[in-house]
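The values are calculated or read from the model by the stated rules, or taken from the named source; none is laboratory data. Quantities reported herein were computed from a predicted structural model and do not represent experimental measurements. Cβ atoms come from the backbone with ideal geometry, glycine included; neighbour counts cover every protein chain shown. Just the protein is used for accessible areas: all its heavy atoms, side chains included, with ligands, DNA and RNA removed. Shrake-Rupley method; radii C 1.70, N 1.55, O 1.52, S 1.80 Å.
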Amino acid sequence: MDIDFEEEKLKSLQISSLSEEEEDEGGAPDNDEEDADSDEIDDEEDQIPMTLGFAEKPKNPWSSHRQYFPSKAGGSPAWLDPINLPSGSSILCDFCSEPLQFLLQVYAPLPEESTFHRTLFVFMCSSMSCLLRDQHEQWKRSPEVQSRSIKVFRCQLPRANPFYSSEAPAEDGSQQPLTAGAMLCDWCRAWKGDKICSSCRRVRYCSGKHQAAHWRSASSSHKVLCQQLEASGKESELDKIPLNSNVVLNFKCTFQSYGVYYRICNSLWPEYEITCEDESDFDEAMSNDNGTGNALVSRSRTEGSDGNLMKYFKASDENSSWASFQERISSAPEQVLRYSSSSQAKPLWPVFSGRPSKPDIPRCNHCGGTRAFEFQVLPQILYFFHVKDAEDSLDWATIAVYTCEASCEGGASYKEEFAWVQLSSQSISHQ
C-alpha cells in the first residue's frame, strides 16, 4: 500500500502507556476473578494464526456493493440482507439516542451451509463522551441491562437465498443483486428510511434527528433543496436512483431549471476496502529484513541490550502489555483489524487493565450459547478516518468483538453480538 507513515502522522496512532497512578482510573471494578480468567494464557494468541485487515481506497466503484460481499470501513454499510434491517432502539446510541454511525463490516463466512454468506457489522456513536460512559456499562453482568454506544450485528445467509445468485459474482462490475433493498435514510445511508420529508415527499430519513441535521447542514442543506423540489414538481435524479444501489457520497441532484446541487453526508467517515493478509507472511518478511520500514517500534529498541522490548518495559504490567502490543504489530503497523475464526484465539490487548474475564462476556441473547472472540478493531483506523488528535476526539485502545460460537440461526436477520472496548490511558484520564 502506498501510505506515507511519517512520524508526525503516526502520533495520532500512538497510545501512551499507563503510569502506575493511572491504573485505577479506567472504571473497571476490582475483580480478583479477572486476574485468573482474563486471557489466562497471554502467549496463546501467539500460537493462533491471525488474519490482518488493511484499509485501502476502493480499486473499483462497484467493489463495495453488497452483491460483491465486501469487507469495508467507513462510508455506508453494504447490508447482506438488504430488506430486514435492524430498527428501533437497536440503531441508536443508548446514551444520547443519536443513530449510530457505521464503522466497518467484515465478511466472514463459515463452512456450514447456513453461514455460506456471513457478515459482521460494527456501528458506534461518534461521541467520545458516550464511549466513556459505555466503558462503565460493559462491566454490567446479566440480569443487568447494559447501555451501549457501540453495537455489533451478525447476518448470515445460505448459498441459496432470495437476494443473491448462488454463483460467484463476476469481477467486472456487471453483477446485480436479485432483489432491491430497503429505502435508506438520505442523510446517513445506513438505516432504513421509514420517515419521509412532509414537504417534498421525496427525501427519506431514519429519524427526526437526521432530518434536522440534513435541514441544518451548511454544505448540503435540505431546506433549500426541499423548496426547489416542491416548487418544480419534477422528477429529480434522486428519484431515479435504484433501490438496490449503494450510493454513498457526493452524488449530484440535477434539476433542469435550477443547476446542480451536491448532497454530502457529512457524518460519514471516508470509505475504504479492507484487504486481508496472513500475519505470518509479515512475520517471515520481517525476520528476513532488518529494516524497520513503517514499524511503530524500531528494531533497535526491540533488540537492544535488554534483549527485547518486554524487558525494556518490565517496570509494570501496563508497560509490559503496551510493549507486547507494539512489538506484535510492528511487522505491519498499518493494520486496522485482527481476525481469527478459531475459538481459541485471543485479542491482543494494548493495556493490561480493563480486560474482560470470561463472565464479563455475555452469552448469546438468541440461543444462550457462549460467545468467543472473533476480531478486534485497532485505533489505527482513526488515522484513515482523519479523526483529529484532540482531547474530546474519538479514541480507543482496541475494540474486541465476541460472537456466538454456534453462529446460531433463526429469529431476526440481524442478531446483536457483543463488543468490549478497551480505552487508552489518554482517554481514561479525560473522564
Worksheet item: Does region 35-63 hold any residues that are outside any loop (DSSP other than H, G, I, E, B) and at pLDDT below 85, and which are they?
Response: 35, 36, 37, 44, 45, 46, 47
Worksheet item: How many of the residues making up region 111-167 are surrounded by 15 or more Cβ atoms within 10 Å (Cβ to Cβ) and within 16 Å of residue 81 (Cβ to Cβ)?
Response: 19
Fill in: Breaking point among (1) open to solvent by 20 Å² or more (accessible area, probe 1.4 Å); (2) modelled with pLDDT of 90 or more; (3) not aromatic (Phe, Trp, Tyr), for residue 221
(2)
Practice prompt. Go through region 63-105 and give me each residue that's more than 22 Å from residue 159 (Cβ to Cβ) and open to solvent by 20 Å² or more (accessible area, probe 1.4 Å).
Written response: 87, 88, 89, 90, 92, 94, 95, 96, 97, 98, 101
Item to complete: Kindly indicate whether any position in region 239-257 is at pLDDT 50 or above, of a type outside the set (A, V, I, L, M), open to solvent by less than 30 Å² (accessible area, probe 1.4 Å) and on the phi < 0 side of the Ramachandran plot.
Response: no
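Residue-wise test of (1) free of Cβ contacts under 8 Å to residues at least 40 places away in the same chain; (2) closer than 16 Å to residue 65 by Cα; (3) over 24 Å from the mean Cα position of the chain (by Cα).
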site	(1), (2), (3)
144	yes, no, yes
150	no, no, no
175	no, yes, yes
179	no, yes, yes
197	yes, no, yes
Practice prompt. Considering only region 337-431, give the strands (runs of 3 or more DSSP E) lying wholly within it that have at least 1 residues that are open to solvent by 50 Å² or more (accessible area, probe 1.4 Å) and either closer than 23 Å to residue 75 by Cα or without any contact (Cβ under 8 Å) to a residue 24 or more places away in the chain (or both).
Written response: 415-422
Worksheet item: Of the residues 306, 317, 289, 278, which is over 29 Å from residue 413 (Cα atoms), at pLDDT 85 or above and open to solvent by 70 Å² or more (accessible area, probe 1.4 Å)?
Response: 278
